[in-house]
Amino acid sequence: MDEKELFVKRFEEKLAQNLDSKTIQNLKGGDFEFNREFTQDYETFRRENLPSSFSLYEKICNICQKILPIEPDKKSKEDIEKHIENSHLHISPIGVMSFTILGAIFFMLVGVSFFILGRNALAFGFIILSVAAYFIFQKIPELFAISFRNKSNDQIITGIFYIVAYMRFNSNFELATEFAANYLQPPLSLDFKKVLWQLETSQFPSLKAAFDEYLKKWREDNLEFLESIYLIESSLYESDESRRLSLLDKSLDIILQGNYEKMLHFAQELKEKISSFNMLGIVLPILGLIILPLAASFSNPQAIFEVMIIMYNILIPVFVGYSGFSLMKDRPGGNTSLSKNSIKTASLWQWYYKIGNTKKFQFPPIFTALFLGGILFLLGIFPLLAHFGYDETTCLSALEVELNDRFRVVFGDDSVFGTFQNYANLVQEDLFCYGPYGIFPGLLSILIPISLAYMLGTYFKLKTKPFVHLHDTTRLLERQFSTATFQLGNRLNEGISAELAFGAVADTMKGTPTGDFFAIVDKNIKFNGMSIEKAIFDSEKGAILNYPSELIISSMKIFIRAVEKGPEIAAKTLIDLSRYLSEMHSANERMKDLLSESVSSMKGQAKFLAPLISAVVVAIVSLVSLIMGQLSESIDDLASQSDGAALASFSIGNGVPTFLFQTSVGLYLLSLIIILILIISQLDSNADPIHVQYELGNTMISSITKYAIVVGVGIVLFSFVGGNVLSSL
């Protein structure tokens, strides 16, 4: 313990000996649950609140800097430093550039290795990846900074609301900022706590100076934020109470109106961007899938499939993801919802299986998801498993030969369904077996994307399902809370005590989540003998346990602090809170309405258009492969005859097997759905981790199921029709 901490401790002990606890509480500013220890160790706080991906990226950059330190040019260095500062990363521009160069070198070496092995398609693909990595890896700090800025933008209105609401009854900017920092979520809470940390470590002489420096980074992106903070600071110098409150109200009005105007312009520009994004990033790549099987029929199908893997499972998803999230670069703040689940996450990792009426089994969701996905995946790769131990001459294993014989007995020798699967002898430097070809491997391959979709979807659904109903109820309470606080304030104005006012409002709003919340508070006060604070925040019986919302928590703590100032101040504070909450809810609804068309368009792509178009393309490709295979056999037969010698120079290959083609398309579609849902979550002003994960799980399962049904029906139908047509020739 240093001298400063020792002095503070002794001073507090001296105060405790001479003053009562209530007086000490008032001296501290009266904020009963503030914990100022976060400013003593900002680094610990930073590590605890940053995502784990940030820490991993920091470690990688720092390791690369030690291996090969590379100094970026002056302009790049300035840009990288700015992004590093804005995203709270502990790395240097040298580390970022070292990681970029080493990453590009790694992909280049992999490409050269494939070139030496004669896999030119893969070599070319990895060389392209190395070039892309050079540009993308340099952008990672910028992407982190954009993500931080967008999340902070969403929280700025909430932050101003907390500061203004607190300062209405306590004109103390430091305590108001601390109040906001405690009840905001990262990253804006991280910024506010850093400002307080800089003040306490004497980096700046005053909070105003610390905020002036912090607000510089918002000058270009959110000028209204600066104006609101300056108005709040100006209110500190007003001697007239009405003028002070007017400035506080004006600060919140400015941030709400300015944000709405920016969202209006953003929504207008987004419509055109979304149309271009859907066409270039989704529709054209899916339609381009038809060309690849045709190209494979007249060239090496293995090389074409390798190109397809590089393009559709690596390059295009990266391009679509980067382009999609780039749409959010200029998005203004929109999330004025303050809901946050504070329930312990231990319950998320438990899922019960029932036998009868008793609970018998208890598994974490990850085990259930892995079990379900594992079974489907093994069934999907059965054609590959059946190929083990194959004969190099016939390219078939004993199991494959037996299965083919059984299918001929069931469906007939001449039927397209009369063979389970075959492999083709392809000539490169040597003969090698390539496949599996056939209708049934193509059908089984559908289970591969299904297995991954069901595994991830089941995990996300089971993980978030215990929270969804409670979360929806809490959101409904938040929407009604402005009315409830207004009624509570009116009851106080009528002369009813704060303890009795909760019961009066509970009777008025009976049958609603708000009425239930106030009824619990009233019950705790009347029958459990609790104070208002205990009735709401008690760790065992507090009403807030049933409605874990930061909006309710912060509003009730503001109310309790206001009650200490007197019933008149408490009543006015509640009425002002009601007005603020109503304005924020109206702004949120307007923003949702502005973005509804763009959000609906992308949801339609994720849930219907992309799965159905992809499924139809795969079904058509299976028909093309069937026709090309039959034509190849017919041409070979004609070429072997004396009168067909002219055809010997004309060759048509079998094309890419439906098994491999469908697997690649299915994985591409799955990655596309994930990207679209994450982009939608950025656009949706009410998005939060619980609903994003739940929606992600639902959409993956439903979309891939639609895709699988259409693909399965299409392959069977087209194969049946194509087989009949070919047999008549």
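Here, each number is a calculation from the coordinates, and none is a lab measurement. Just so it is clear, the model here is predicted, and its values are computed rather than measured. We place every Cβ from the backbone using ideal geometry, glycine too, and count neighbours over all the protein chains shown.
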| Distance from the Cα centre of the stretch 445-494 to that of the stretch 224-281, in angstrom? | 27
| task | Please work out how much length the chain gains when fully extended from S586 to I620, using 0.36 nm per residue of separation minus the C-alpha to C-alpha distance, in nm with one decimal. | result | 7.3 nm
| Plugging the Kirkwood radius over Cα pairs into Stokes-Einstein for the stretch 184-234, at a temperature of 25 °C and a viscosity of 0.890 mPa s, what D comes out in µm²/s? | 216
| If R0 is 22 Å, what FRET efficiency do you get for R579 and S234 from their C-beta distance, rounded to 0.05? | 0.55
| field | Reference-scaled alpha-carbon Rg (2.2 N^0.38 Å with N residues) for the stretch 376-519 | value | 2.27
| query | For the stretch 382-444, what is the largest minus smallest coordinate of the Cα atoms on each principal axis, given in angstrom and ordered from greatest to least? | reply | 38, 21, 20
| How big is D, in µm² s⁻¹, for the stretch 42-263 by Stokes-Einstein at 37 °C and 0.692 mPa s if Rh is the Kirkwood radius over C-alpha pairs? | 165
| said: As a quick test, which of the pairs K250/K565; K557/K607; K217/K461; K151/K271; K217/K534; K193/K565 have an alpha carbon distance above 31 angstrom in this structure? | reply: K557/K607; K217/K461; K217/K534
| If you bin the C-alpha pair distances of the stretch 476-586 every 10 Å from 0, what whole percents do you get? | 16, 53, 29, 2
| query | Using a basic spin-label model with each label point 7 Å from the Cα along Cα→Cβ, how many nm lie between I366 and S531? | reply | 4.3
| note | Between the modelled labels at D253 and H469 (7 Å from Cα along Cα→Cβ) the distance in nm is 4.5
| task | Apply 1/(1 + (r/R0)^6) to the Cβ-Cβ distance of K82 and I709, taking R0 = 45 Å, and write down the FRET efficiency to the nearest 0.05. | result | 0.35
| request: Post the alpha-carbon centroid distance, the stretch 64-111 to the stretch 510-538, in whole angstrom. | output: 55
| Contour minus Cα-Cα distance for D593 and V410 (0.36 nm per residue) | 60.1 nm
| Quotient of C-alpha Rg and 2.2 N^0.38 Å, computed over the stretch 253-334 | 1.63
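Quick check on the exposure proxy: order M509, M584 from fewest to most C-beta atoms within 10 angstrom.
Values: M509 19, M584 23.
Going from least to most buried by this count: M509, M584.
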